Ligand code: HGY
Ligand code: MN
Ligand code: MN
């Protein structure tokens, strides 16, 4: 068993510094992918990796990759998470896993522990949803899940992703060919805050994730007719805004029909946006989540039908696009068992978890064995400025990450 403790002061200092690399015009701690702050955040993480002794590079999809060579060479254990945030987000989502992984490297080196495996640390590009309808873009590129249709996706101004990527130093052609060779990756681990209330409620220090939620994202476009708000009678309108609003309510009622299912319409836009004009165009973007892939498909079917009905009865046209269709991901039993043993060995209380949040780990799971370690979130809050996990709760997560790496390094030899 390892009795090595993570160093509180440096985690604290790095977390505090990253929190300054944010958009000061937005609430909370905002570092959205494709922004200058996001470039600065990944640069800072890269500088920490270099200081920790890793050889670093940035791949064609903006993922920062650092390598600590192992004794045997060839086989790899990968750790990682993200540094981008949602608009008005917090300081811990993703960042905990990035700083935690770098701390593991430092602890190994300071204690003269040489793994058999190469340890590969990844700061994934663009984990949170971007304006082009995608999330987990860096991990999708690494696992070969991007193509020309990804690059052709547009934001609300009509700009394509291909046009936006160069501002973040990413060449669109290289983005398409930045697949990572996972042949020798024997396991991937991600430390993360829970972002929900279960660990705190149950008094457990460590969450061992068993399944990551499935997520379907949609973008529905409604086209009606622009008219005067006072002179156009209700019976002759083609109000795109009302069709969109009906769709928002349909998302809510469909999500309420399942078990542990969720539906959210986080974005709606009317054009023109004026108090005395009937909307000609409206766009709703939202998502369904849940542990059951067949329910997610049924929810998508039902919403497509409901949005069509909301449009038809108002003389509005509707187009819906399902931009992401990620099935729920069960995580690997040998890895979750190792995480559980590591936490037990360290005397930490633990709980098996379902993750209602999506993670790069869920994408990487298509390529290698994956495990996730959760630490508690105060009041279960996340994706908001109040998101908080005390360092006393983060550090045990780093210890479990280290202990799991040591155990996997021993058990996953050739
Ligand atoms: O949206 C999510 O679940 C994640 O936090 N990106
Ligand atoms: Mn998030
Ligand atoms: Mn996250």
Only Cα pairs within less than 10 Å get springs; with that Gaussian network setup on the chain, which residue of 150, 232, 85 has the largest fluctuation? 232
With N denoting the number of residues in the chain, provide Rg(C-alpha) divided by 2.2 N^0.38 Å, to two decimal places. 1.03
Taking a crude spin-label model, label points 7 Å out from Cα along the C-beta direction, the residue 232 to residue 249 distance in nm is 2.0 nm
Theoretical ellipticity at 222 nm over the chain - DSSP helices of four or more residues, -39500 (n - 2.57) apiece, nearest 500: -10500 deg cm²/dmol
Which three lengths, in whole Å and largest first, does segment 334-414 cover when its Cα atoms are put on their principal axes? 45, 31, 17
I'd like the distance between the alpha-carbon centres of segment 344-414 and segment 311-334, rounded to an integer number of Å. 28 Å
Mean separation of Cα contacts under 8 Å (6+ apart) over length of segment 215-326, as relative contact order %: 44 percent
Given all pairs of different Cα atoms, what value in angstroms does the Kirkwood hydrodynamic radius of segment 215-326 take? 14.1 Å
Order of 392, 84 - criterion: other Cβ atoms within 10 Å of each residue's Cβ, fewest first: 392, 84
Any chance you could give the angle, 0 to 90 degrees and rounded to 10, that helix 8-20 forms with the longest Cα principal axis of the chain? 30 degrees
Take the alpha-carbon centre of segment 2-70, take the same for segment 189-228, and report the distance between them in whole Å. 23 Å
Of the candidates 36, 285, 110, which one comes out as most mobile in a Gaussian network treatment of the chain with C-alpha springs shorter than 10 Å? 110
For 363, 39, ascending order of other Cβ atoms within 10 Å (fewest first) is 39, 363
What distance in nm separates the two pseudo spin-label positions at residue 313 and residue 114, each 7 Å out from Cα along the beta-carbon direction? 7.2 nm
I want to verify a result. In a Gaussian network model of the chain, Cα cutoff 10 Å, which of these has the top mean-square fluctuation: 252, 37, 190? 252
What does DSSP give for the chain in terms of the percent of beta bridges that are antiparallel, rounded to the nearest 5? 65 percent
So what is log10(I(q)/I(0)) for segment 275-414 at q = 0.09, 0.11, 0.12 1/Å, when the Debye sum runs over its Cα atoms only? -0.47, -0.63, -0.70
Got the relative contact order for the chain handy, in percent, Cα pairs under 8 Å and 6 or more residues apart? 22 percent
Which of 384, 242, 136 has the fewest Cβ neighbours within 10 Å, and the rest in rising order: 384, 242, 136
Ratio Rg/Rh [Cα only; Rh per Kirkwood] for segment 242-294: 1.11
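Every read-out reported here was derived from the displayed coordinates using simple, explicitly stated rules and does not represent laboratory data. Nothing here was measured: the structure is a model prediction, and the numbers come from that model. Positions of Cβ are backbone-derived with ideal geometry, glycine not excepted, and every protein chain shown enters the neighbour counts.
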